[in-house]
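The structure under discussion appears below in the form of structure tokens.
The values are calculated or read from the model by the stated rules, or taken from the named source; none is laboratory data. Just so it is clear, the model here is predicted, and its values are computed rather than measured. Note that each Cβ is placed from the backbone with ideal geometry, even for glycine, and that neighbours are counted across all protein chains shown. Heavy atoms of the whole protein, side chains included, go into the accessibility calculation; ligands, DNA and RNA do not. Shrake-Rupley method; radii C 1.70, N 1.55, O 1.52, S 1.80 Å.
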Amino acid sequence: MAFSYGGAALAAPVQGKASVRLTHVFATLQTGAPDKKPEDIAACRKQVSSPDSRYLGVTVTTQYSIDAQTMMMSASSSLPSPHATQPLQLTVKLSPLGIAGQYAFGAFRPPVLPDNYVLFSIGLDFKGAKSSVLVLNEGKDYNCLVTSNPTPFTGGLSEKLGAGQK
């Protein structure tokens, strides 16, 4: 992507597309803090690799439009259906999260994935895109985070993991 630094170009929204692969699995407590128990992490790894909840290894493609001057922004993430019986591509509309130091978006229990959170962030320089899916586990002490981010508990986005998880 080439950007012109003329006056008009800076005023225009930046539209882009980022594709990342979900390669890391973490267990999270209901508060959004990391769950360090090896058995919970192993259970999450097994869960997000199963045919009924397959997120590990999938590619999430997010299209975004960000106007840094007006702070008007939108994004949507597309990913394969996590259910093996439905090889469909799902699209989730994301809302801006207002986290300092990055452009961050999220959908909390979206209609197409009602037991999940879908998160996306990208740096202010439009580099370093990261996507995450938080799988909510009803009745368990932990939820499962599948992400492209090797360190998801640093930065402001981790605070959003605890929002309304119960």
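Hey, can you find the accessible area per residue of the chain for me, probe 1.4 Å, expressed in square angstrom?
On the way: 8700 Å² over 166 residues.
Accessible area per residue: 52 Å².
In terms of solvent-accessible area of protein heavy atoms at a 1.4 angstrom probe, what is the ranking of Phe126, Phe105, highest value first?
Phe126, Phe105
Rounded to the nearest percent, how much of the accessible area of the chain (1.4 Å probe, protein heavy atoms only) is carbon and sulfur?
Numbers: 4970 of 8700 Å².
Carbon and sulfur: 57 percent of the exposed surface of the chain.
Which sequence of Ser81, Ser19 reflects their accessible areas, 1.4 Å probe, from the largest down? Let's see the in-between values first.
Details: Ser81 15, Ser19 70 Å².
Per-residue accessible area, sorted high to low, gives Ser19, Ser81.
Just to verify a number: FRET efficiency for Arg21 and Gln69, C-beta to C-beta distance, R0 = 45 Å, to 0.05?
0.90
Tell me, what is the FRET efficiency for Asp141 and Ala12 to the nearest 0.05, using R0 = 41 angstrom and their Cβ-Cβ distance as r?
The calculated FRET efficiency here is 0.30.
Which angle between 0 and 90 degrees, to the nearest 10, do you get for helix 38-47 versus the longest principal axis of the chain when only C-alpha atoms count?
That helix lies at roughly 70 degrees to the long axis.
Convex hull over the alpha-carbon atoms of segment 14-160: what's its volume per residue in Å³?
98
Of Gly98, Gly139, Gly106, which is the most mobile in a GNM of the chain whose springs link Cα atoms less than 10 angstrom apart?
Gly139
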